[in-house]
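Down below is the structure, laid out as structure tokens.
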Amino acid sequence: KQEVTQIPAALSVPEGENLVLNCSFTDSAIYNLQWFRQDPGKGLTSLLLIQSSQREQTSGRLNASLDKSSGRSTLYIAASQPGDSATYLCAVRPSMTTDSWGKLQFGAGTQVVVTP
Amino acid sequence: DAGVTQSPTHLIKTRGQQVTLRCSPKSGHDTVSWYQQALGQGPQFIFQYYEEEERQRGNFPDRFSGHQFPNYSSELNVNALLLGDSALYLCASSFTGKELFFGSGTQLSVL
């Protein structure tokens with residue numbers, strides 16, 4: 001059974017510092033991995049999607065790496081800003097069959113606070 | 001281009017009642033999935049609808065049911081509500097399994 005873990009559960013950094021968020025999964029047989037941002041009581045905003053054949057993806061200040069064999073992904077946010085304060089969730093897609101392509105398995109998230 | 005839209009945004013019900021939540025997928029999307037997110041936890045997969053059929057279900061009882069309409073919109077129904085059903089319910093859509101996009105959710109409180 002796939003387990004997705006995010007450590008730490010919470011993180012507080014001063015503005016300008018780089019953020020490093022970790023995600024681990026127990027079964028390396030994944031189709032892809034997605035990072036999301038969630039503001040309190042709101043829906044999920046997709047940040048980056050990494051296919052299982054890729055090693056990393058970048059978008060602006062965000063960079064996500066994937067090491068499928070070791071079951072790890074890391075999200076880096078450069079030069080953090082107070083507006084980056086949110087909960088960050090990683091999710092793996094176990095397979096790509098017609099019946100299951102809408103299924104993601106999520107970690108519990110890392111709550112980030114960036115202080116001015 | 002509207003994204004995934006859900007209604008209502010908030011809902012308060014009492015134990016034993018029934019509730020219906022609605023979701024309109026992003027334009028061009030044909031697959032809808034529903035998730036339950038309890039406070040402080042990651043979303044849990046409830047089920048996926050594609051071609052108007054439930055294709056896969058997570059670990060949720062039969063009290064949770066759904067429907068997908070010909071225009072790809074979807075409903076989630078929960079019968080005999082329990083206190084533990086209080087959560088944020090998220091709808092996600094995609095086009096034939098490509099990237100999932102999520103709505104803003106429906107916050108359900110069961111008293």
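The values are calculated or read from the model by the stated rules, or taken from the named source; none is laboratory data. All figures in this text were calculated on a predicted structure; none of them were measured in a lab. With ideal geometry, Cβ positions are generated from the backbone for all residues, glycine too; neighbour counts draw on all protein chains shown.
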(message) Can you find a residue that is within 13 Å of another protein chain (Cβ to nearest Cβ), buried (at least 18 other Cβ atoms within 10 Å of the Cβ) and among the aromatic types (F, W, Y) anywhere in region B:51-69?
(response) no
(request) Look through region B:39-50, keep the residues that are within 9 Å of another protein chain (Cβ to nearest Cβ) and not in a strand (DSSP E or B), and return whichever of them is surrounded by the fewest Cβ atoms within 10 Å (Cβ to Cβ). (result) B:G40
(message) Suppose we filter A:E15, A:E3 for residues that are in contact with a Ser or Thr (Cβ under 9 Å, 6 or more places away or on another chain) and within 30 Å of B:T106 (Cα to Cα); which single one remains?
(response) A:E3
(message) List the residue pairs whose Cβ atoms are under 6 Å apart, where the first residue sits in region A:18-47 and is within 12 Å of chain B (Cβ to nearest Cβ), the second is at pLDDT 90 or above and part of a loop (DSSP other than H, G, I, E, B), and the two are 6 or more positions apart or on different chains.
(response) A:C23/A:G107; A:Y31/A:S52; A:N32/A:S52; A:K42/B:S104; A:G43/B:G103; A:G43/B:S104; A:G43/B:G105
(request) Taking B:E99 as meeting all but one of (1) within 30 Å of A:A10 (Cα to Cα); (2) among the acidic types (D, E); (3) in contact (Cβ under 8 Å) with a residue 24 or more places away in the chain, write down the number of the exception. (result) (3)
(request) Please enumerate the residues belonging to region A:48-66 that are more than 14 Å from chain B (Cβ to nearest Cβ), outside any strand (DSSP E or B) and within 20 Å of A:F25 (Cβ to Cβ). (result) A:S53, A:R55
